[in-house]
Structures are given as structure tokens and as C-alpha cells.
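Colleague: Quick one: structure below, then a few questions.
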Amino acid sequence: MVPIDDETGLRNLAWVEGNRRKVDQMTGGRVAYVYLPDTYTGGYTNFNRYYFAQVDKEAAIIDER
């Protein structure tokens, strides 16, 4: 096993997944959580990955920072 040079990406993914789980738990699975890191390529990628995977929810929290 080789350690990674930078764990920033892994920490960010853990933070996003933690927020998604928290929203899911607090709303009984009724609300989606979508994190957009920007309004360009990263945001487009995350929107497609997270929004369409939860499109059956009643509402969505779009977290754009």
C-alpha cells in the first residue's frame, strides 16, 4: 500500500457524504442533499452524480459554496 500525497479530496468526500446522511436521517429520507463545489465543471459533475441519484425525493437542498 502506498499513502496518498494529499487527503483533501478524501476529507471533502467524507464531509459531503456526512451531510447527505445527516439530511437523509433528519428528514426521514424525504429530502435530497446535493453539494456543488462551484458553478463550473465540479458543480456540473456533482449535480449529475448526486441529484439524479435522489430524484425521487420530495425536495432537495442544493449546497453551493
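Colleague: Helix-only estimate, please: 222 nm mean residue ellipticity of the chain, summing -39500 (n - 2.57) across DSSP H runs of length 4 or more and dividing by its residues, to the nearest 500.
Modeller: So the helix-based figure for the chain works out to -12000 deg cm²/dmol.
Colleague: What's the angle, to the nearest 10 degrees (0 to 90), between helix 8-26's Cα axis and the longest principal axis of the chain?
Modeller: 20
Colleague: Calculate, for the chain, the solvent-accessible area per residue in square angstrom, rolling a 1.4 angstrom probe over the heavy atoms of the protein chains.
Modeller: Dividing the accessible area of the chain by its residue count gives 77 Å².
Colleague: Can you tell which of 16, 34, 55 shows the greatest fluctuation in a Gaussian network model of the chain with Cα springs below 10 Å?
Modeller: For the chain, modelled as a Gaussian network with Cα springs under 10 Å, the answer is 55.
Colleague: Under the definition of Cα pairs under 8 Å and six or more residues apart, what whole-number percent is the relative contact order of the chain?
Modeller: Over the chain, the number comes to 31 percent.
The values are calculated or read from the model by the stated rules, or taken from the named source; none is laboratory data. This is a predicted model, so every value here is computed, not measured. Surface areas here come from the heavy atoms of the whole protein model, side chains and all, with no ligands, DNA or RNA. Shrake-Rupley method; radii C 1.70, N 1.55, O 1.52, S 1.80 Å.
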